[in-house]
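Undergrad: Submitted below is the structure of interest, expressed as structure tokens.
Bear in mind that the values in this text are calculations on the coordinates, not laboratory data. Nothing here was measured: the structure is a model prediction, and the numbers come from that model. Here the Cβ positions follow ideal geometry from the backbone for every residue, glycine too, while neighbour counts run over all protein chains shown.
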Amino acid sequence: MAKLVISFLTIVGLVFIFTSCPKNERVALSIINNSDEDILWLFRLKEFGEWYEISSINSYLGNIEKNKIPRGDTYIDKFNSDAIKSHLEKGWYKYYIFNYDSIKTIPWKRICDERIILKEVTFNSWDDFERCNFEITYP
């Protein structure tokens, strides 16, 4: 009988430990390109400033091809929900959509100066992510 009680308490203790540990949940945000043009996305956090404060898109992204979404395609951006929630405590989290051909042909300084952008989506809270069902659609 004592072994049964000890086994039961051990199981209850383990269940409590594993269910009370913070969950490091991975979340996927879909960026859906429903247009007939290729697009490019990038994101910024308030602590790092607006997109037009980036002096060079190539130095910021490196290979911009990784952020390209061909027409009719979807990109899945996977991230840690706890990290995003932590950033949201400090301010906004934004995604920006650009025309890919414009990024390739127009100097970045002009794109910044003239704010040549297709779409901006701002998340001020975790609820904003949930409200859009973790999807950004262009157009």
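Undergrad: Only one of (1) farther than 24 Å from Arg26 by Cα; (2) assigned to a helix (DSSP H, G or I); (3) not hydroxyl-bearing (Ser, Thr, Tyr) is not met by Glu37, so which one is it?
TA: Among (1) farther than 24 Å from Arg26 by Cα; (2) assigned to a helix (DSSP H, G or I); (3) not hydroxyl-bearing (Ser, Thr, Tyr), the lone unmet condition for Glu37 is (2).
Undergrad: I would also like to ask the following. Mind checking which residues of region 119-139 are over 16 Å from Lys90 (Cβ atoms) and assigned to a loop (DSSP other than H, G, I, E, B)? Lay out the reasoning, then the answer.
TA: Of all residues in region 119-139, those over 16 Å from Lys90 (Cβ atoms) come to 119-121, 127, 130-139.
Result: Cys132, Asn133, Phe134, Pro139.
Undergrad: Still on this structure: Are there any pairs with C-beta distances below 8 angstrom linking a residue in region 56-73 that is more than 19 Å from Cys112 (Cα to Cα) to a residue that is charged (D, E, K, R) and surrounded by 12 or more Cβ atoms within 10 Å (Cβ to Cβ), with the two at least 6 apart or on different chains, and if so which?
TA: Ile69/Asp38; Pro70/Asp38; Arg71/Glu37; Arg71/Asp38
Undergrad: Quick check, is Glu37 touching a residue at least 24 places away in the same chain (Cβ under 8 Å) and either among the hydrophobic types (A, V, I, L, M, F, W, C) or over 22 Å from Thr105 (Cα atoms) (or both)? Working first, answer last.
TA: Values: touching a residue at least 24 places away in the same chain (Cβ under 8 Å): yes; either among the hydrophobic types (A, V, I, L, M, F, W, C) or over 22 Å from Thr105 (Cα atoms) (or both): no.
When the stated conditions are applied, Glu37 does not pass them.
Undergrad: Further, regarding this structure: For Ile136, which of the numbered conditions (1) touching a residue at least 40 places away in the same chain (Cβ under 8 Å); (2) farther than 18 Å from Ser30 by Cα fails to hold?
TA: Tallying (1) touching a residue at least 40 places away in the same chain (Cβ under 8 Å); (2) farther than 18 Å from Ser30 by Cα, Ile136 fails exactly one: (2).
Undergrad: Just give me the residues in region 86-118 being basic (Lys, Arg) and either in a helix (DSSP H, G or I) or within 23 Å of Glu25 (Cα to Cα) (or both), in sequence order. Lay out the reasoning, then the answer.
TA: Filtering region 86-118 for residues basic (Lys, Arg) gives 90, 94, 104, 109-110, 115.
Passing the criteria: Lys90, Lys94, Lys104, Lys109, Arg110.
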